[in-house]
1. Just the residues that are under 13 Å from residue 22 (Cα atoms) and of a type in the set (Phe, Trp, Tyr), please, taken from segment 58-91.
2. Restricting attention to segment 79-110, which residues are buried (at least 18 other Cβ atoms within 10 Å of the Cβ) and polar (S, T, N, Q)?
3. I'd like the residue in segment 128-173 that is among the aliphatic types (A, V, I, L, M) and assigned to a helix (DSSP H, G or I) and, out of all such residues, is modelled with the lowest pLDDT.
4. Which residue pairs have Cβ atoms closer than 7 Å, lie 6 or more positions apart in sequence or on different chains, and pair a first residue in segment 18-30 that is over 21 Å from residue 40 (Cα atoms) with a second residue that is assigned to a loop (DSSP other than H, G, I, E, B)?
5. Kindly indicate whether residue 25 is over 16 Å from the mean Cα position of the chain (by Cα), more than 23 Å from residue 134 (Cβ to Cβ) and either modelled with pLDDT under 95 or surrounded by 14 or more Cβ atoms within 10 Å (Cβ to Cβ) (or both).
6. Which fully enclosed strands (runs of 3 or more DSSP E) of segment 53-105 have 3 or more residues being at pLDDT below 95?
7. Has segment 82-99 got any residue that is closer than 20 Å to residue 10 by Cβ and among the aromatic types (Phe, Trp, Tyr)?
8. Answer yes or no: is there a residue in segment 143-160 that is in contact with a Pro (Cβ under 9 Å, 6 or more places away or on another chain) and closer than 29 Å to residue 61 by Cα.
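The values are calculated or read from the model by the stated rules, or taken from the named source; none is laboratory data. Quick caveat, the model's predicted, so the values are computed rather than measured. Ideal geometry is used to build each Cβ from the backbone, glycine not excepted, and the neighbour counts take in all protein chains shown.
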Amino acid sequence: MKKISQGCLCIEGKNIYLRKVRISDGNEQYRKWMEDPEINQFLESRFEKWPVKKLKKYIKNVNKNPDYLFLAIIHKTSKKRVGNIKLGPINRRHKFADIGIIIGEKEFWGKGLASEAIRLITDYAFNKLKLHKLTAGAYISNLGSTRAFEKVGFKIEGVKKKHYFYNGTYVDAVLLGMVNS
């Protein structure tokens, strides 16, 4: 982890780095991710419209909440923002938090960037924030997300049967977790 010139948190990996999502990231690119049915098919936010103004307000609200860490995923070589990862809400009493992630740039799908981002935020959560446990969830059909978390060491802890309504039917939710060892 290091600080970058703007004085904001930067968590650097091999192929990507994570930095705080900025108000300026609430742009047309982000709007397209949020409204593309292929990208957002497993996101609960898919049920809403996301004009740029609403995205900027969302970013502002999440960033001022101390129980969330909302980070942009930046591809180091291309300098392109390829997605976001969010840690939170952080439960400080029990020392756990949830992770959510989106890789919005399809050209970067299947390249291991989601796993790298999850690994970076996991290391930060365990080593800097001293959290005890991290959790995540996925639709059973979202194999890419489940695999990305499992690559980092998350384990499937349970399944909520017929939990989400997806493509005209109810599907299971996979619950993943990882304890700080």
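1. Once the filter is applied, which keeps residues that are under 13 Å from residue 22 (Cα atoms) and of a type in the set (Phe, Trp, Tyr), segment 58-91 yields 58, 70.
2. Once the filter is applied, which keeps residues that are buried (at least 18 other Cβ atoms within 10 Å of the Cβ) and polar (S, T, N, Q), segment 79-110 yields only 84.
3. The initial filter retains those residues of segment 128-173 that are among the aliphatic types (A, V, I, L, M), namely 129, 131, 134, 136, 138, 140, 143, 148, 152, 156, 159, 171, 173.
Then drop every residue that is not assigned to a helix (DSSP H, G or I), which leaves 143, 148, 152.
Working: 143: 94, 148: 97, 152: 98.
Filtering segment 128-173 for residues that are among the aliphatic types (A, V, I, L, M) and assigned to a helix (DSSP H, G or I), the one modelled with the lowest pLDDT comes out as 143.
4. If the second residue must be assigned to a loop (DSSP other than H, G, I, E, B), the pairs left are 19/4; 19/8; 20/8.
5. No, not satisfied.
6. Values: elements: 69-75, 81-91, 96-103.
Answer list for segment 53-105: none.
7. At the first step, the residues of segment 82-99 found to be closer than 20 Å to residue 10 by Cβ are 82-88, 90, 97, 99.
Filter once more, keeping what is among the aromatic types (Phe, Trp, Tyr): none.
Looking for residues that are closer than 20 Å to residue 10 by Cβ and among the aromatic types (Phe, Trp, Tyr), one finds none in segment 82-99, hence no.
8. The first filter runs over segment 143-160 and keeps only residues in contact with a Pro (Cβ under 9 Å, 6 or more places away or on another chain), leaving none.
No: segment 143-160 contains no residue that is in contact with a Pro (Cβ under 9 Å, 6 or more places away or on another chain) and closer than 29 Å to residue 61 by Cα.
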